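Below is one structure, written out as structure tokens, with a few remarks after it.
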Amino acid sequence: MNFPENIKYTKSHEWIKVEGDVAIEGITDFAQEELSDIVFIELPNVGEPVEAGKACGTIEAVKAVSDMLAAVSGKIIETNTALTEFPENINQDPYGEGWIIKIKISNPEDVNNLLSAEEYKRFVAEGH
Amino acid sequence: MAKKTPFYDKHIALGGHLVDFVGFTMPTQYKGIIEEVKRIRTTVGVFDVSHMGEIEIKGPDALKFISRITTNDPSALSLNQVQYSAMCYNDGGIVDDLLVYRLKKRYLLVVNASNIDKDFKWIKYNINENVTVNNISDDIAQLAIQGPDAEKVIQKLTDTDLSEIKFYWATESKIANIETVLSRTGYTGEDGFEVYFDKKYADKMWDSIFEAGKEFNIEACGLGARDILRLEMYYRLYGNDIDSTTTPIEGDLSWITRLSKTSFNGREVLLKQKVEGLKRKLVPFEMIDKGIPRQGYKIKDKDGNIIGCVTSGNLSPMLQKYIGCGYVELEYSNNDSELTIDVRGRLLKAKVVKTPFYKDGTHK
């Protein structure tokens, strides 16, 4: 399982990559593997405000539906609309083609509350 | 604690995702549900279905007894023939759906894992004839080898000419030198076999089948794929689509209900429903708008009034459509009727369609 170093993680299995005041968010390799066979995604609207820890999209796998939570508070500035056609990109490339949303970060402090790769890896290993 | 099937170690070794399913530790998938669906539809795959229950019925009145407790007509069975049927309570509610095998010295009822204890109690409670019943579920291992290449795989392991065995017929033959009951059955819509045998030969049977199937890329498949395969065929799942609160007539299973039999459990209620008509009926539908219908979602009319409830739904990987079934008020049950499915607050259009959803299955 893949835990890239240059990104931050949530305990609800999202990742973000921070570029300036923008966070690119997706779900982790662990999450996509647990869900497996992602077949449908509901994206938030561009311009919509999101709150850290609150649902901002829905991911449907063959076996279950789950919410995606915003890793940080802010405003949606872009969504990966290719996923509506190719939701399997999340399974195949969760940290690349499978990115889901871009958030303009309103509170940079939010980023400090997230886990490092090492911390997230330990969190997963503990069986969460 | 959940029971393990005799293939538990095989599932672990293959990296199966194991879950507790109705009291059994079972694999939902190995490599991926969609990949496993395609495996069964295109070549051959194997399901561990050892959690299913087997109940033997013997004695001079066995046929008469089975006829009284099931809705279909077992007197139509020739030796080694198999029949899909249901057991009902006296109020017409379904105890279970099952297979009835007529074998040389006995009848074998194959029932759902979730219902083994309940079924066995119900069967014993109903005995009024000269029969003996045995619940042999814990001693029997069962595998389902399904897919267009299934016959080629199993033929390598037996002297019995499998081309002679028609759909829903069985044989008591040696497979890999192990005594079995082998039937040309399955719940996938593909050609294939189900094989029952003493669980002490589980490893040998599994290894022999996988060795024989190597050239056809045989793979283990889990319950996730099984659920989609059966839904693509509009085969019912007990606990989702049918249960003790629904009758076979409501569950769109009139074809296994022989009201011409003079007496069987539930007959009066089923006859009344047939004569007077139903209030609600199970219907198969496909989504017009994009979204997955799931068990428990409300079905509405175009004005937003609740007219029913989804019992099963998923993506059909073969059709690339979202499909499902659910109970609706009778006036909405005709082919092409438009339904609205409330998918977590989104009101999505669907329509009643003809089945099976998937029409290219290779079952004979």
- Just one of (1) within 13 Å of chain A (Cβ to nearest Cβ); (2) of a type outside the set (Gly, Ala, Ser); (3) within 18 Å of B:Pro356 (Cβ to Cβ); (4) under 19 Å from the mean Cα position of the chain (by Cα) trips up B:Gln320, so point out which. (4)
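Residues checked against (1) assigned to a helix (DSSP H, G or I); (2) more than 14 Å from B:Ala225 (Cβ to Cβ); (3) in contact (Cβ under 8 Å) with a residue 12 or more places away in the chain; (4) away from chain A (no Cβ under 14 Å):
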{"position": "B:Ile12", "(1), (2), (3), (4)": "yes, yes, no, yes"}
{"position": "B:Met26", "(1), (2), (3), (4)": "no, no, yes, no"}
{"position": "B:Glu36", "(1), (2), (3), (4)": "yes, no, yes, no"}
{"position": "B:Arg41", "(1), (2), (3), (4)": "yes, no, yes, yes"}
{"position": "B:Val46", "(1), (2), (3), (4)": "no, no, yes, yes"}
{"position": "B:Lys64", "(1), (2), (3), (4)": "yes, yes, yes, yes"}
{"position": "B:Arg68", "(1), (2), (3), (4)": "yes, yes, yes, yes"}
{"position": "B:Gln83", "(1), (2), (3), (4)": "no, yes, yes, yes"}
- Item | Which listed residue, of B:Ala170, B:Ala202, is of a type in the set (Gly, Ala, Ser), over 15 Å from the mean Cα position of the chain (by Cα) and not in a helix (DSSP H, G or I) | B:Ala170
- Residue, surrounded by the fewest Cβ atoms within 10 Å (Cβ to Cβ), within region A:69-96, restricted to residues that are more than 12 Å from the chain's Cα centre (by Cα) and without any contact (Cβ under 8 Å) to a residue 24 or more places away in the chain: A:Glu85
- Identify, please: which residue in region B:14-24 is touching a residue at least 40 places away in the same chain (Cβ under 8 Å) and in a loop (DSSP other than H, G, I, E, B) and is, among those, nearest to the other protein chains (Cβ to nearest Cβ)? B:Gly16
- Message: Out of the residues in region B:257-289 meeting the condition of being farther than 27 Å from B:Leu231 by Cα and of a type in the set (D, E, K, R), tell me which one is surrounded by the fewest Cβ atoms within 10 Å (Cβ to Cβ).
- Response: B:Glu276
- Query: Given the residues B:Ile292, B:Ile299, which is the only one that is assigned by TED's automatic domain parsing to the domain that holds B:Asn335, surrounded by 21 or more Cβ atoms within 10 Å (Cβ to Cβ) and not in a loop (DSSP other than H, G, I, E, B)?
  - Reply: B:Ile299
- Query: Out of (1) in contact with a helix residue (DSSP H, G or I) (Cβ under 6 Å, 6 or more places away or on another chain); (2) of a type outside the set (Lys, Arg); (3) within 27 Å of B:Leu315 (Cα to Cα), what's the single condition that is false for B:Leu259?
  - Reply: (3)
- Are any of the residues in region B:126-143 surrounded by fewer than 22 Cβ atoms within 10 Å (Cβ to Cβ), more than 30 Å from B:Gly239 (Cβ to Cβ) and modelled with pLDDT of 95 or more? yes
- Query: Which of the following residues is more than 14 Å from chain A (Cβ to nearest Cβ), outside any helix (DSSP H, G or I) and surrounded by fewer than 20 Cβ atoms within 10 Å (Cβ to Cβ): B:Asp91, B:Asp117?
  - Reply: B:Asp91
- Out of all the residues in region B:236-256, is one or more within 14 Å of chain A (Cβ to nearest Cβ), under 27 Å from B:Gly147 (Cα atoms) and in a strand (DSSP E or B)? no
- Query: Could we say that B:Gly53 is crowded, with 17+ Cβ neighbours inside 10 Å, of a type in the set (Gly, Ala, Ser) and in contact with a helix residue (DSSP H, G or I) (Cβ under 6 Å, 6 or more places away or on another chain) here?
  - Reply: yes
- Query: Could you say whether any residue in region A:74-82 is more than 14 Å from chain B (Cβ to nearest Cβ), assigned to a helix (DSSP H, G or I) and closer than 25 Å to B:Gly345 by Cα?
  - Reply: yes
- Item | Options B:Glu286, B:Glu331; residue that is among the acidic types (Asp, Glu) and in a strand (DSSP E or B) | B:Glu286
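One line per residue, one yes/no per condition, for (1) more than 14 Å from chain B (Cβ to nearest Cβ); (2) surrounded by 20 or more Cβ atoms within 10 Å (Cβ to Cβ); (3) farther than 24 Å from B:Arg346 by Cα:
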{"residue": "A:Pro4", "(1), (2), (3)": "yes, no, yes"}
{"residue": "A:Lys8", "(1), (2), (3)": "yes, yes, yes"}
{"residue": "A:Ile24", "(1), (2), (3)": "yes, no, yes"}
{"residue": "A:Asp29", "(1), (2), (3)": "yes, yes, yes"}
{"residue": "A:Glu34", "(1), (2), (3)": "no, no, yes"}
{"residue": "A:Ile38", "(1), (2), (3)": "no, yes, no"}
- Query: Does A:Ile101 qualify as being closer than 26 Å to B:Gly224 by Cβ and either within 13 Å of another protein chain (Cβ to nearest Cβ) or at pLDDT 95 or above (or both)?
  - Reply: no
- Query: Which one of these does B:Ile306 not meet: (1) among the hydrophobic types (A, V, I, L, M, F, W, C); (2) within 14 Å of chain A (Cβ to nearest Cβ); (3) farther than 27 Å from B:Leu229 by Cα?
  - Reply: (2)
- Message: For region B:181-222, give me the residue count where each residue is crowded, with 22+ Cβ neighbours inside 10 Å, among the hydrophobic types (A, V, I, L, M, F, W, C) and more than 27 Å from B:Arg106 (Cβ to Cβ).
- Response: 3
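The values are calculated or read from the model by the stated rules, or taken from the named source; none is laboratory data. This structure is a prediction, so every number in the text was calculated from the model and none was measured. For neighbour counting, all protein chains shown are included, and Cβ atoms are generated from backbone atoms with ideal geometry for every residue, glycine included.
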